[in-house]
Every structure is written in structure tokens, then in C-alpha cells.
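Written out below as C-alpha cells is the structure these notes cover.
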Amino acid sequence: MGTFANGVHPHGSKALSAGCPIERGPEPKAVYVPLLQHIGRPAVPVVQAGERVLCGQLIAEAAEGLSANVYSPVSGTVKGVLGHITLSGKKREHILIENDFTEEEMFLPPLADRSREGILARIAEAGIVGMGGAAFPTAVKLGTDKKVDILLVNGAECEPYITCDYRVMIEYTQAFLAGVRLCMTACGAERAVIGVEDNKKDAAALLARAAGENVSVRVLKTKYPQGAEKQLIYACTKRTVPEGKLPADAGVVVVNVQTALAVQRAVEENIPCYERVMTVSGKAAGRPANLWVKTGTPYRDLAVFCEGKEDCGRIVSGGPMMGESVFSLKICTGKGTSSLLFLDKDECENRNASACIGCGRCVQACPMGLSPVFIEQALLGERWEEAEAYGALQCIACGCCSYVCPASRFLVQSVKLAKKKLQERRAAANVRGGKKDV
Amino acid sequence: MSEIANYRSAPSPHRSDGASVRRIMLDVLIALLPCLVCGVAYFGLYALLLVFLCMAACFAGEQLYNLVRKKPFTFDLSALVTGMILGLNLPPRAPWYIPLIGGVFAIVVVKMFFGGLGKNFANPAAAARVFLLLAYGSVMASYIGAQPGDLLADGETGATWLSGGALAGSFLGVRGYWGEILQLFLGNIGGSIGETCKLAVFAGGVYLLARKVIDWRIPLVCCLTAAVFALFFYGSARDMLRHLLSGGLLFGSFFMATDYATSPKWKINRILYAFGIGALTMIIRRFGIYPEGMSLAILFMNLLVPVMDRFILPVRFGQTDKNGRPVPHVAAWTMRGLCIALAAVLAAATPAYAAAEYDEPQKVALPASYSFIRGMAADRDRVYYFTAEGEAYLDEYNYTQPLAFEIEIDTASGVVRDIRPITQSTMGYKAELSLFIGKTYEEVAALTDLSADSNLSATFTNTALKGMVEECFLAADFDKNRKFERGGEYIVDRAHSELFGGTAFLAAGSAYLSEYDYTQPLLYYIVVEGDTVSSIVPLMQSTMGYTAELSLFLGKTRAEIEGLTDLSADSDTSATHTNQALKEMVLECLAAGGEK
Ligand code: SF4
Ligand code: SF4
């Protein structure tokens, strides 16, 4: 069974929703569709206030450079492009559409050209981005000009609670596998490996039976952060992606389960990317569920739909390890939102940081081989070379260090800050260096 | 649905593994409890007071420092942990002010001056122990033995084994070497309050390992290294085990070397660190001026920890060098190799050393002071090796010649295997060894003609040697089936006698020889069969004629002997005193009974 070095073993808590078949989620009265649901630049609106749109109609076009198309998730009337709060706390542009509940749909034109270029173009057209959370535009990733021999599908789902990928793998097995094959063509890989943690043995067995030629299933030892790209690649293929390089440099491209499903829907069913399967769970969710959720659905609609309880102590968008704490239910879902957790007071950690006792657990836990305790000390002392020597630049923000720290220190935040500072200093040095050249 | 309103936002991750500083400290306190309990059981309530004072001093010292520096009070239990560890490191009879000084030194000077929890560069308890050793050397080195009447009152030793104290010949019925090991393991010996009982240390250590509070690498590598060094420094597998179970090695490697703030953060560095401690401890024990080296070794390695932490770093995942080649895991493989090498050396060398030692005779503790026997050893075939000293009067020269022989008795065949003279006359008045070699006890005892061609001096030498050989026979016979049971006032021990076929007692007493105003020590070998006295062999009594009249007792029952009223020996008062003393001894032996 494959795995990677270090990491932690949080309790899975998946039983809450693992048995819930995927159902249709709430049909919101109004959706706030973010223009920026991906890494890169916000899409450019192509509709105006007052215009009527259909479900599946293009409402914003990919900007130049790294960006992605955005489609309307409902049929209704565009109320305008306006600023709306997001998880990060910043206001960003959203397209507000009032749902007329007619459910009139629009499809992409049928795709005849199933060559690599044809598929890549369709993926870009459909606005598909990585659905594991990072939301990198998929067409760019799969369209790499590097020689790729393995397409790795991330079915690890290593964050606690989340079960949407698991449900997709067992309920949409054929469609998912078709999507995997389309992705193989799109990136030119000869074979595909689906990495599944051993807490989902049934899914692994099911996939192994249905997989067919050149697609194999690799069962992985359950451990966090198995789904982190470099860790997953190592666990499944024993390849190490060198620092500062991309997976493609090691001949691998990684896609998420739902990304593959979205590709299948776009190519074979002509449905663009405007909805996804999400998990709503947590002990303070009265009715945990796996739902088809439209992008732009306010979290409040999900709270109502899944009967969020009054004693809810914290709401988390994403998993409990890396997910962000929700400060307002007005925030809306995007393509990369994999789950919404309603945690009761015993389920979530209230950190009261105290002095570091030097136990070294953070060093032992870090899957990247960094020394969080020393990075934090270097940050506080503004010793930047030291912070870099201890590896701050390589942090993947997985949170293992904070998870194990008995002094409850905010290690991941410290390391992230040190990384940011180092990157800023690098950029500044480059600018200065550039000037000198002139 | 009622509105969700009371949720709070907080930084990720939203989970933790549940470990907390307080819980960790509590775990350490729990793990130290067995050591404390054993320390109090062995050394009495005063030991408890010392540990308590030390904890109190540490706690108060920390809060006072906080008060003076206007910092918030700290209740993370870590001061109590330091106090308890230091307290358990103190000699059990240290004066009351020692824990106070030590506790304040540990907390205020070593910990708080350097920024408090997690920032101290040296282990507070180890530093304080070394400080006390330097400042109050004599007090800190005066160890007492376990108190009589304690849990396992078998051995009585004052000094620790490391500072030259002896171990008892048997412990809880386990004799010889393994008895010693058992004694060391259970800790019925001199030493610091908490570190003598290795069973308690292991119990606490295993608890900490199970709770994942400490890294197993540190105690394991520490002990492994110390074992290998001990094996080669002392050339003996037996001494290796003795060293592992002596002093503060185990206590230190479980409870002190594992201190978070002062041990390396990366697991691989911990191997190097523990290796250093184990090696230094044995080097100090072997070559240093202090009998014990654990605290010093820990302190020294503490100083190297910042260097290790800064310059030996984990290889990052995917780390490459300037040319883009993966960086090899040099440190990790070196340290793993070191561990494997240590384990391999230990596994290979120990049996070799042990096998060589197994054939060598092992020292046997003398149950009592014999007349002639000065040293005694036995090998695994139960051949006994004695050194015996005596004297012979050389008539021709009117000179008392000291004699010393090495005598070997083979108890399997019941004969004298060999005799080698060490000291005897160089003038030809030598013992005739052939009179004894190859003879049984009965044959030796029955020898009447020891005259050596009417050479009187040689005859005296032979006579003296005969006494020595007889004593050796009895001592070997007694040791072979010795029971290790203390008796009442006189009985030193009992054994099954193969020579006499009954229960043999060694009884020691004394008689006042009024003619000389001298108290004569007495030692008799008394054999009881059923309820009668079957043999009595005097091993030590007056040589001037005031000897006991054995026929008074031989073949008599308890009632008969109790009924003896006339013990006068031809109106010789001193001999009468001797007879009276022997009567008491014989009665005690009869009361203790025959074969059990
Ligand atoms: S330092 Fe970064 S990569 Fe390492 S455990 Fe912490 S968050 Fe994860
Ligand atoms: S886990 Fe926390 S307490 Fe332990 S060394 Fe790291 S920062 Fe310090």
C-alpha cells in the first residue's frame, strides 16, 4: 500500500455522510456567481443587468491569461454585477441572477472532434477548473507540452468529513471512468492511476473491476495529506517532484475525481461546469448529505437545506484541516467548494496558543520535511535566511504542524506568512537586480 | 429552522490531535509516580518530604519570578515536573535545604533566566543536580542503603554499586549474579530516591512511550550505546548489565534526556544526541572522577543541541542541490546505520563475552566470617575455589609462619581437586599436599598421622592445612544448597548438607572468656536430623583450649538439651561460657527445625 513520509492521522468522521446517496441540492432563489472561482484572473461578464439567461448559458468569458469561463447555474434574470463578500473577507465581483425556477437549459454544441486538441478546447470552453480545491484551470494543466506518461486521479479525499468524491466514484463510476479516459487523451498519458485511500476499499474494488485497460487503482494507506499533489504522486508512483518543479516535470498530471466527471459531462453530455457534488456534514448539520450544488448558492441555503443546528460552533468551507472558517452565511459556493461543515462545539478546536515547549512534533509531522517551530522563531526574529534554510518556501499549508502542536501555536499561519515574506523579498530583489542590469 | 448565529470563525486547522502541554506534563508526573512510591518504600517518608520540598521550591520559584517580573502566573505543571525529577535525583538523606536550593536553582537560574518554558538551553534538573554535586559534594554523594525492615530486606548496602558498594550474595532467593541483577532491578540498594528501582522506571517509561509523550529513540539509543561502551570498557557482559541497571542511566534516559526543550527537535538528531549521552555517561563512569555520569552527559549534550538543530536539518521532500539532483538523506541513513551497527555489535559481542565469563568461577559471598576462608568462588559445575589463610608454628625456629593456600573442592565428586600453596615456609617445612588431594571429607577428617618424617614443623603445617581443607569442605557443602534464610539470634543461614545428610546451620555467637577478659567470636556448623543434633563442627572458637564440649549435645533432642543444667567444664569458667553459648545456638537450630 502506498503512502508518503510523515503526515498525521485525524479521525475520518466520514460515516456521517458516507452513506448518503447524492441528491439534488437546494434550488436557490438567487445565485451570486463569483467571477473568480479559479486561480488566475476574474472572468469578464458578457451579460447585462435585466438580461434573461438560461441554465448553462455563458455569463462571463475567460479573461486573457490564466482564467476560466463562467456559466449560469439557473435560468432567470441577471440583476447586475456587484461586489459580494467572499471567504477571504474581501469583496469581489459576482453576477447576481434571480432564479425564475423554469429550469430552462442550454447546452454546449455536440463535440465531434475527440482528438487531444478537441477535448482540450472543450474543457476550456466548459470552464472546467480543478475541483479538489485549488481550482487551477484544467485545460492549462492537461495541455502541458511536457511529456506526461501517467494521469493520476486524486481519489484520496484525505480531509475528514468529505465524502463527495467517494459518492461520485461509486454512483457515477462509468461516467467518472469515461472522464478519466478523456483526460488521458487530453494530456497524452498512456495510463491512468486512481489513488484511493483504504478507508474507501469498496470504491477501490468497484473501480478496479470497472477500470479497463491502462487504468489502475492504487490503494493508499489512510493518512493526511495524502491528497496533496506531491504526496499523492509519491504515494502512487514513488516519483518525487523536485522543489520548484511541476508534476509534469516528473511525467505526471494530477486531476481530481470531480474534475474528471466534469470533463465527461462537458464532452459527452455537453453540460458546462456550473454545478458540482458537495458534502454538507458535521455534527451540527441535522441532515448530512452529498448534494449537487449550483455555483453561486449562498451558504445559508445549504444551512437551511441540511438543517444546520443552533449549537453550531463553527462553519467551515472545505475540510477541517485546510478549510476556511465561514464568517457569514451570505458567502456563496464556487467550482472549487467541496464541502460545508457545520461543526458543533466539541468537534472544533479552539486554539489558545501558549509558549512552544520544544517537543518537535511539528517537525516530525511536516510532510514536506520542514521545521515549523524554527521557521516561526526565525519569522519572529526576522531572520529570513534562517526561515528559508528551514524550508518556509516549500510549505503546502497542509496544517499538520498546527494539528499536532500541544501548545496550539498558529504554526501554519506563521509558516505561510514567512513564505509570503520570503517571496516578497525575492520579488523585490529581482526588481532591484533588474534595475541594475539597465 | 432556528437561525445559526453563534458560530465563530477561527484559523485552520479546525482540529487537533488533542495533545496539550498540561496533559503532557500530567503524564510525566503520572509516569514518575512509581519511582516516587518505590523511593518512599525503600528510603522512608523523609524521601517523600524531600521530593515534596523540591516540587514546592520549583513551583514557588517560578511564580515568584513571574511576580517580580510582572508576568502572568504559569500553571502548566512543568515546574512540578522539574521539581519531581530533581527531587527523585536527590540522595534520600539529603538535608532539607538541599531540595530548596536545588529547586530554586533549576527553575529560576536555569529555566526562567533564559525565558521560561521551552527556552532553557540546559535540562533544569540535570543542571541543578550537577550544581548541587559541585556545591555540596559530600552531601550529594552520601547514599544510604535501603532501610532494614523495608519491603525487601535482603541486601544491606550503603554505597551505590557504582561507588564501590557490594551487593548481597542472594536476593529474594535468587543467588549469585542473577540475584545481584534482581537486586539492582528492584532497586533495594543505595542511590538517589527515584532512580534505584528500575522496575518503576520502566513502568513509567513504558507509560510515557504508550502515551507518545517521549520519543522511543532517546531511551533506546541511550541504553544501547551505554551497553556497547560498557561491554568494551569493562570487557564483561555481566558488568555491562550491572552498569545498565545502576545509577541514573535508565532514569535519566527515560525522564531527563527526553526533556523537550533541551533535546533535538528532529528525530534523526535525537539518535545522535542519545548516542552522545550514552557514550559520555560510560566514559565518565570509566575514566572520570565521578562514579556517576548521566547528568553531566545530558548537560554536555544539551549544549550541542542548538548546533544540531541548526545545522543538521531534515532533507525536504523533493529537495535538490544546485545542479537539480536530489539531495541524499545522509544524516538519516548515517544515524540509522549507527543504530544498526550498535545493535549488531551488542548482539554479536554479548554472547561471546558471556560465554567466556560463564566458565569462569563467580565470586560467592561468604555467609559468615570463617576462621580460614577469605574468599570463595564457584563455577557452573559447582567446583568451589577457596583462598584460605592460617598459620603454623615452626617449632625449630620458634616462629609463627603465615600460611595461605588456594584450595579447590569438587562438590560433584566430593573430593579435594587441587591445592596450591601461596604462602608457606620456604625452609622445607612444607605441607604435604598429597595427604589431601583426591580425598573426601571423611578421609581428610579421619587423617590422624600427619607427621612428616618426625619433622615437627612440617607436621604443624600439615595440621593447619587439614583444618583449612575441612573448613573449605564445609563451606562448599553449605553454599551448594544454601537456603538464604535468616534465622533468629544466632543462625546465619541454613542449607541442606550433602556431607551429613541433614539440615546444616551456620550459627554465629560469642562467649566471654573471663580468664582473658576477651569476647571470643564463635561459629559452628550444626547439623540437625529430625529432632536431634547429629553433628557439630566448630569453625571458630578459642584456640587456647576453652573449646566447647560437643559430646554434651551430640545425639540429643531438644528436650534433653533444654534439661542440661551442668555445663561446667572441669570448673573451667571460660569453657563453661562457651558451652552455654553453644547450648543456646543448638537450641535455636533445633527450634528452627530439620529439613523443610
Ligand atoms: S510547515 Fe507547511 S507543509 Fe509543513 S506541516 Fe506545516 S503547513 Fe504543512
Ligand atoms: S509542535 Fe508546537 S510545541 Fe512542539 S516544537 Fe512545534 S511549535 Fe513547539
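The values are calculated or read from the model by the stated rules, or taken from the named source; none is laboratory data. Quick caveat, the model's predicted, so the values are computed rather than measured. Every residue, glycine as well, gets a Cβ built from its backbone with ideal geometry; the counts of neighbours run over all protein chains shown. SASA here: full protein model, heavy atoms, side chains in, ligands and nucleic acids out. Shrake-Rupley method; radii C 1.70, N 1.55, O 1.52, S 1.80 Å.
Some points to look at:
- The stretch B:448-468 residues that are without any contact (Cβ under 8 Å) to a residue 60 or more places away in the chain, paired with ones that are surrounded by 15 or more Cβ atoms within 10 Å (Cβ to Cβ) and among the aromatic types (F, W, Y) (beta carbon under 7 Å, 6 or more apart): B:N455/B:Y429; B:A458/B:Y429
- Long-range neighbours under 7 Å by Cβ, at least six apart or interchain, first residue more than 7 Å from chain A (Cβ to nearest Cβ) within the stretch B:312-323, second surrounded by fewer than 18 Cβ atoms within 10 Å (Cβ to Cβ): B:D321/B:V327
- For the stretch A:395-420, a residue qualifies if it is facing chain B (nearest Cβ under 7 Å), part of a loop (DSSP other than H, G, I, E, B), buried (at least 21 other Cβ atoms within 10 Å of the Cβ) and without any contact (Cβ under 8 Å) to a residue 60 or more places away in the chain, and the qualifying residues are A:P406, A:A407.
- Taking the listed residues B:L117, B:L133, the one that is at pLDDT 80 or above and outside any loop (DSSP other than H, G, I, E, B) is B:L133, with no other qualifying.
- Summed over the stretch B:114-130, residues that are away from chain A (no Cβ under 11 Å) and out of contact with any Leu (no Cβ under 9 Å at 6 or more places or on another chain) total 1.
- The set of residues from the stretch B:449-494 being open to solvent by 40 Å² or more (accessible area, probe 1.4 Å), closer than 24 Å to B:T387 by Cα and among the polar types (S, T, N, Q) comprises B:T463, B:N481.
- B:I271 farther than 27 Å from B:G118 by Cα and either surrounded by 24 or more Cβ atoms within 10 Å (Cβ to Cβ) or more than 16 Å from ligand 1 (Cβ to nearest atom) (or both): no
- The residue list B:A388, B:A365 contains one member that is part of a loop (DSSP other than H, G, I, E, B) and under 28 Å from the mean Cα position of the chain (by Cα), which is B:A365.
- Residues satisfying the stated conditions in the stretch B:322-350, i.e. surrounded by fewer than 12 Cβ atoms within 10 Å (Cβ to Cβ) and either modelled with pLDDT of 90 or more or under 26 Å from the mean Cα position of the chain (by Cα) (or both): B:P328, B:V330, B:W333, B:G337, B:I340, B:A341, B:A344, B:A347, B:A348
- Residue in the stretch A:62-105 that is nearest to the chain's Cα centre (by Cα), counting only those that are under 14 Å from A:A43 (Cβ atoms) and loosely packed, with under 13 Cβ neighbours inside 10 Å: A:G65
Listed here are the residues, each with its yes/no results for (1) crowded, with 24+ Cβ neighbours inside 10 Å; (2) within 11 Å of chain B (Cβ to nearest Cβ); (3) in contact (Cβ under 8 Å) with a residue 40 or more places away in the chain; (4) in a helix (DSSP H, G or I).
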position: A:Q231; (1), (2), (3), (4): yes, yes, yes, yes
position: A:C236; (1), (2), (3), (4): yes, no, yes, yes
position: A:R239; (1), (2), (3), (4): no, yes, no, no
position: A:E243; (1), (2), (3), (4): no, yes, yes, no
position: A:D249; (1), (2), (3), (4): no, yes, yes, yes
position: A:T259; (1), (2), (3), (4): yes, no, yes, yes
position: A:Q264; (1), (2), (3), (4): no, no, yes, yes
position: A:P272; (1), (2), (3), (4): yes, no, yes, no
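- Test: residue in the stretch B:500-515 that is assigned to a loop (DSSP other than H, G, I, E, B), over 38 Å from the mean Cα position of the chain (by Cα), modelled with pLDDT of 85 or more and closer than 30 Å to B:G414 by Cβ: no
- Residue tally, condition more than 9 Å from chain B (Cβ to nearest Cβ) and basic (K, R), over the stretch A:348-359: 0
- Test: A:P372 is within 14 Å of ligand 2 (Cβ to nearest atom) and buried (at least 23 other Cβ atoms within 10 Å of the Cβ): yes
- Residues that are crowded, with 24+ Cβ neighbours inside 10 Å and either more than 28 Å from the chain's Cα centre (by Cα) or within 14 Å of chain A (Cβ to nearest Cβ) (or both), drawn from the stretch B:75-92: B:S78, B:A79, B:V81, B:T82
- Applying the condition of being in a helix (DSSP H, G or I) and within 14 Å of chain A (Cβ to nearest Cβ) to the stretch B:39-74 and asking which residue is surrounded by the fewest Cβ atoms within 10 Å (Cβ to Cβ) yields B:N66.
Conditions (1) under 16 Å from B:C472 (Cα atoms); (2) open to solvent by 20 Å² or more (accessible area, probe 1.4 Å), marked per residue:
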{"residue": "B:Y393", "(1), (2)": "no, yes"}
{"residue": "B:Y397", "(1), (2)": "no, yes"}
{"residue": "B:A404", "(1), (2)": "yes, no"}
{"residue": "B:V415", "(1), (2)": "yes, yes"}
{"residue": "B:T423", "(1), (2)": "no, yes"}
{"residue": "B:Y429", "(1), (2)": "no, yes"}
{"residue": "B:L433", "(1), (2)": "yes, yes"}
{"residue": "B:G438", "(1), (2)": "yes, yes"}
{"residue": "B:A446", "(1), (2)": "yes, yes"}
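- Flag if A:V280 is at pLDDT 95 or above, under 21 Å from the mean Cα position of the chain (by Cα) and of a type in the set (A, V, I, L, M, F, W, C): yes
- Odd one out for A:S328, checked against (1) outside the structural domain of A:K309 (by TED's automatic domain parsing); (2) within 26 Å of the chain's Cα centre (by Cα); (3) open to solvent by 10 Å² or more (accessible area, probe 1.4 Å): (1)
- Residue in the stretch A:355-394 that is farthest from ligand 1 (Cβ to nearest atom), counting only those that are without any contact (Cβ under 8 Å) to a residue 40 or more places away in the chain and within 25 Å of B:A257 (Cα to Cα): A:G358
- Restricting attention to the stretch B:1-38, the residues that are touching a Pro at 6+ places or on another chain (Cβ under 7 Å) and either more than 7 Å from chain A (Cβ to nearest Cβ) or assigned to a loop (DSSP other than H, G, I, E, B) (or both) add up to 5.
- Lone qualifier among B:L199, B:L208 - being surrounded by fewer than 18 Cβ atoms within 10 Å (Cβ to Cβ), modelled with pLDDT of 85 or more and either touching a Cys at 6+ places or on another chain (Cβ under 6 Å) or part of a helix (DSSP H, G or I) (or both): B:L199
- Residue in the stretch A:382-403 that is near ligand 2 (Cβ under 9 Å from one of its atoms) and of a type outside the set (A, V, I, L, M, F, W, C) present: yes
- Subset of the stretch A:292-317 (residues that are more than 7 Å from chain B (Cβ to nearest Cβ), in contact (Cβ under 8 Å) with a residue 60 or more places away in the chain and either surrounded by fewer than 24 Cβ atoms within 10 Å (Cβ to Cβ) or assigned to a strand (DSSP E or B) (or both)): A:W292, A:V293, A:K294, A:P298, A:D301, A:F305, A:S317
- Enumeration of residues in the stretch A:328-347 that are more than 14 Å from every other protein chain (Cβ to nearest Cβ) and part of a loop (DSSP other than H, G, I, E, B): A:T333, A:G334, A:K335, A:G336, A:T337, A:S338
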